[in-house]
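Down below is the structure, laid out as C-alpha cells.
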Amino acid sequence: MNLHEYQAKELLKKYNVPVQEGFACTTVQEAEDAYRQIKTQTGSKFAVVKAQIHAGGRGKGAIKENGINGVKVAKSLEDIQEFASKILGGTLVTIQTGEAGKVVNKIYVAADMYYDGPTERKEFYLSILLDRTKGQNVIMYSTEGGMNIEDVAHDTPEKIFKEWVHPSGGLQGFQARKIAFNLGLSGEAFKNCVKFVTNLYNAYVGLDCSMLEINPLFKASDDKIIAVDCKMGLDENSLMRHADLASLRDVTEEDPTEVEAGKHNLNFVKLDGNVGCMVNGAGLAMATMDMIKLSGGEPANFLDVGGSANAQTVEAGFKIILKDPAVKAILINIFGGIVRCDRVAQGVIDAYQKLGNINIPIIVRLQGTNAVEAKKLIDESGLKVQSAILLSEAADLVKKAVA
Amino acid sequence: MSILVNKNSKVLVQGFTGTEGTFHATQMIEYGTNVVGGVTPGKGGGTHLDKPIFNTVVDCVKATGADVSIIFVPPAFAADAIMEAADAGVALVVCITEGIPVQDMVKVKNYLQGKTTRLIGPNCPGVITSNECKVGIMPGFIFKPGRIGIVSKSGTLTYEAADQVAKAGLGISTAVGIGGDPIIGTPTQDAVELLMNDPETDAIVMIGEIGGGMEAEAANWIKANGNKKPVVGFIAGQTAPPGRRMGHAGAIVGGADDTAAAKMKIMAECGIHVVSSPADIGKKMAEVLKGK
C-alpha cells in the first residue's frame with residue numbers, strides 16, 4: 001500500500017526524522033492559509049506547492065489541462081493562488097502515470113528548504129528496502145540525489161552504496177557513521193545525518209514499510225539534514241497490527257474496478273487486453289494470462305478467485321470483467337482440487353443465468369476432481385458456454401474466439 | 001527414498017484444532033500421512049481427530065517423536081510458530097500460512113541460521129511424496145507415483161503440472177511447493193539440489209514466476225553441476241505488467257532481471273528445457289525423456 005508524501009512525512013515526524021514541513025490542502029483557501037502560516041514561521045516569502053499523487057516525476061510532469069508542472073516554487077500569495085487553482089482538480093501526467101494521468105485531489109504547501117546560509121547545499125539519495133536474496137533490509141544511498149536512481153545505478157554504479165542491516169542487532173552506530181562519511185559529510189551535518197539515518201531505519205521497521213525512499217535527502221545551508229521528498233510503501237500483510245495506518249489508504253488512487261473486486265475478496269489487476277480470465281491460484285492465473293497471449297489474444301486482467309470458486313465469487317468475477325467493454329471473450333480456468341469441479345460448473349451456470357445477457361463467448365476449463373461430470377453439466381446446460389478439460393484444449397478455444 | 005517426506009515421516013500439526021488445521025489434517029490422514037498429534041496452546045491434554053493435542057511443540061515432539069510439522073496458524077502468529085518448531089528440533093517445517101508480514105520473515109530467516117531445521121514456505125501448498133506422505137493442502141489423487149520431481153512457487157500450477165505429467169504417462173516422486181512470498185525457507189535451488197541428489201528422481205519440473213532471482217540462481221547451479229538430470233522449466237507472468245503485484249506477495253517485476261523473459265533466457269542458456277506455454281509442461285517432459 002502506497003502513501004502520499006504528506007502522509008509519509010507526518011509518520012516520519014513521529015520517529016523524529018526531520019522533514020520539509022508543510023500542510024496538505026484540498027482548496028485554494030487552505031493553500032493561502034498554509035502559505036501565510038509558513039511565511040510567519042520561516043520569515044521567507046518562498047514556499048513550494050507539490051501535487052499529491054501516487055507517482056513519481058511530479059516536478060517534470062505537467063497538468064494536462066493547463067501545462068503547469070506538478071511541483072512549483074511560489075514567492076507570493078498570488079503565486080500560491082495561481083498554482084493551487086491550476087493544480088488542484090487537474091490531471092497530472094508524469095513519466096510514471098501513463099498518458100491518462102492522475103487527478104490531483106490534494107496539494108502539499110511546504111516550506112522552502114533551499115535558503116542561503118554558511119555552508120553548501122547538497123542533495124543525496126537514500127532508500128531502505130528488502131534484499132530478497134539475503135533476507136535482510138538494505139540501506140541504499142548515493143551522493144547523486146534528486147535524480148532517477150535507476151539511471152545513476154545504470155550509468156555510474158560506483159556511486160551507489162549499500163549497507164545491509166543484520167536482523168538480530170538492527171542498525172549499528174558504525175553503519176550510520178559509515179553512511180554519513182560516504183556522503184562526504186562532516187561537523188554538524190555529519191552528526192545530523194547519523195541521527196537522521198538511525199531514526200529513519202527505526203521508522204522503516206516500526207511502520208512495517210515495504211519501501212522507504214528519501215530523494216532528495218537534503219543537506220541545507222545550515223547543516224540540517226532533511227527529507228525533502230518521501231516515498232513510502234507499507235507491507236499490506238502487516239496492516240493487521242497497524243489499524244491507524246490501514247486508514248491512510250487512498251482508494252481514489254486505485255483503479256475503481258480493483259477496489260470493487262477487493263470488496264468481494266477477489267484479487268484483481270486491470271490490464272489492457274481483450275480476453276478476460278478468472279482463475280483459482282495466483283501462479284495459474286499468471287500462466288493463464290500467458291496462454292491467452294500465446295493463443296493470439298491479450299489478457300484483459302489478472303483475477304485470482306482463491307480457494308472458494310462458488311456461484312457468488314464467479315458471479316462477482318463475471319460482473320467485474322464485463323465492466324470492461326474491450327473484453328471480447330472470457331476464459332474461466334479452474335483446477336479443482338479440494339474444490340469439486342461440478343460445484344464450480346454449477347456456480348458458473350447459476351451466475352450466467354442470473355446475469356442473463358452475456359453476449360461474448362465464455363470458455364470454461366475445469367480440470368481436477370469430477371472434471372468429466374463438470375463438463376457434462378456445462379455441455380447440457382443449453383448455455384452458450386464452451387467447455388474444455390485440458391489446458392491445451394482451452395488454448396485452442398481461445399484461439400478461435402479471438403480469430 | 002524420494003525427498004523431504006516419506007511413509008516414515010511423523011507429522012505434527014500446529015494450529016491443529018482451527019478450521020483449516022482440522023480440515024487439512026483430516027485430508028492428510030485420509031491420504032495415509034502419519035499424523036501423530038497436534039499443537040494448540042491451551043488445549044493440551046485433549047484429543048482431536050483421535051490424536052493427542054499438546055500445548056507446546058516441544059511436548060508434542062517428546063511424546064510422539066514427530067519430525068515434521070505443518071503450520072496452519074494465522075499470519076500474525078505464524079512466524080512465532082515456525083521458530084517454536086525449530087526450537088523444538090523439528091527437522092522439517094512446512095508453513096502453509098499466507099500473509100505473514102515480511103519483517104517477521106526477516107527475523108525467522110535469521111533465527112533458522114545455524115539450526116538443522118529446514119523450512120518450506122510460507123504461503124505454499126506443501127510437500128507430497130506420491131502414495132506415501134502428504135504434508136500440505138494439495139489434492140492427493142493428482143500425484144501419481146513416478147520418477148519426476150516438481151519444484152514450484154505456485155499451488156494450482158503445481159497441480160496442473162502434476163496432472164500433465166500423469167497424462168503423459170509419467171508420475172511424481174516428490175512435489176515441493178516452495179511458496180510465493182519474498183522470503184521463503186527453501187529457495188528454488190535448494191529444492192532442485194535435493195531432487196538432483198535423489199536416486200528415485202529421474203527428471204525435474206521447475207516452475208517459477210516473476211519477481212526475485214531464485215530461478216536464475218537455480219539455473220546457474222544446475223549448469224555448474226553438469227545438468228545431471230533433465231529439467232523442464234516454466235515461468236508464469238510473461239504478460240504481467242511491471243510494478244504490479246500479481247497475487248503472490250513476491251510476484252512483482254522490480255527491474256530488468258526479474259521479468260519472465262529474463263529468467264527464461266537464463267534458464268535456456270543453462271540447458272533447461274523452457275516451455276513458454278503452461279499447457280506444454282507434460283508434453284515437453286515426455287519428449288525430453290524419450291530423446292534421452
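The values are calculated or read from the model by the stated rules, or taken from the named source; none is laboratory data. Bear in mind that the values here come from a model prediction, so they are computed numbers and not experimental data. Cβ sites come from the backbone with ideal geometry, for glycine too, and all protein chains shown count toward neighbours.
Can you tell me which residue within the range A:286-296, out of those that are in contact (Cβ under 8 Å) with a residue 24 or more places away in the chain and closer than 19 Å to A:I334 by Cβ, is nearest to the other protein chains (Cβ to nearest Cβ)? Here the answer is A:M291. The lone criterion from (1) more than 7 Å from every other protein chain (Cβ to nearest Cβ); (2) more than 17 Å from B:E160 (Cα to Cα); (3) surrounded by 19 or more Cβ atoms within 10 Å (Cβ to Cβ) left unmet by B:G114 is number (3). Being in contact with a strand residue (DSSP E or B) (Cβ under 8 Å, 6 or more places away or on another chain), within 12 Å of chain A (Cβ to nearest Cβ), closer than 30 Å to A:M211 by Cβ and surrounded by fewer than 24 Cβ atoms within 10 Å (Cβ to Cβ) is a description that does not apply to B:P242. For the range B:215-235, the set of residues classified as touching a Lys or Arg at 6+ places or on another chain (Cβ under 8 Å) and within 13 Å of chain A (Cβ to nearest Cβ) consists of B:E215, B:A216, B:I235, listed by residue number.
Among the residues of the range B:6-23, the one identified as among the aromatic types (F, W, Y) and part of a helix (DSSP H, G or I) is B:F23.
Among residues of the range A:308-337 being within 14 Å of chain B (Cβ to nearest Cβ) and in contact with a helix residue (DSSP H, G or I) (Cβ under 7 Å, 6 or more places away or on another chain), the one that is nearest to B:P139 (Cα to Cα) is A:G337. Taking the numbered list (1) over 12 Å from A:A227 (Cβ atoms); (2) charged (D, E, K, R); (3) free of Cβ contacts under 8 Å to residues at least 40 places away in the same chain; (4) in a helix (DSSP H, G or I) in turn, A:K13 passes all entries but (1). Here B:D59 fulfils each of the conditions (1) of a type in the set (D, E, K, R); (2) surrounded by 15 or more Cβ atoms within 10 Å (Cβ to Cβ); (3) under 15 Å from B:G185 (Cβ atoms); (4) touching a Gly at 6+ places or on another chain (Cβ under 9 Å) apart from (3). So for the range A:74-81 (the condition being crowded, with 20+ Cβ neighbours inside 10 Å, touching a strand residue (DSSP E or B) at 6+ places or on another chain (Cβ under 8 Å), farther than 30 Å from A:T198 by Cβ and in contact (Cβ under 8 Å) with a residue 12 or more places away in the chain), does at least one residue qualify? Among the residues of the range A:74-81, at least one is crowded, with 20+ Cβ neighbours inside 10 Å, touching a strand residue (DSSP E or B) at 6+ places or on another chain (Cβ under 8 Å), farther than 30 Å from A:T198 by Cβ and in contact (Cβ under 8 Å) with a residue 12 or more places away in the chain, which makes the answer yes.
Within the range A:168-217, can you find the residues that are within 17 Å of A:T143 (Cβ to Cβ), among the polar types (S, T, N, Q) and out of contact with any Cys (no Cβ under 9 Å at 6 or more places or on another chain)? Within the range A:168-217, A:N182, A:S186, A:N192 meet the criteria.
Return the only residue of B:G179, B:G155, B:G169 being more than 10 Å from chain A (Cβ to nearest Cβ), crowded, with 19+ Cβ neighbours inside 10 Å and more than 21 Å from B:N6 (Cβ to Cβ).
Criteria check complete, one pass: B:G179.
Checking the stated criteria, A:A316 turns out to be of a type in the set (G, A, S) and at pLDDT below 90. Scanning for something assigned to a helix (DSSP H, G or I) and more than 14 Å from chain B (Cβ to nearest Cβ), does the range A:365-374 turn up at least one residue? Yes: one or more hits.
Which members of the range A:263-285 meet the condition of being farther than 16 Å from A:I363 by Cα and more than 12 Å from chain B (Cβ to nearest Cβ)? Of everything in the range A:263-285, those that are farther than 16 Å from A:I363 by Cα and more than 12 Å from chain B (Cβ to nearest Cβ) turn out to be A:K263, A:H264, A:N265.
Among the residues of the range A:149-183, the ones that are farther than 22 Å from A:L234 by Cβ, touching a residue at least 40 places away in the same chain (Cβ under 8 Å) and under 27 Å from the mean Cα position of the chain (by Cα) come to 0 in all. For the range B:64-75, the condition of being closer than 24 Å to B:T156 by Cα and at pLDDT below 95 holds for none of the residues.
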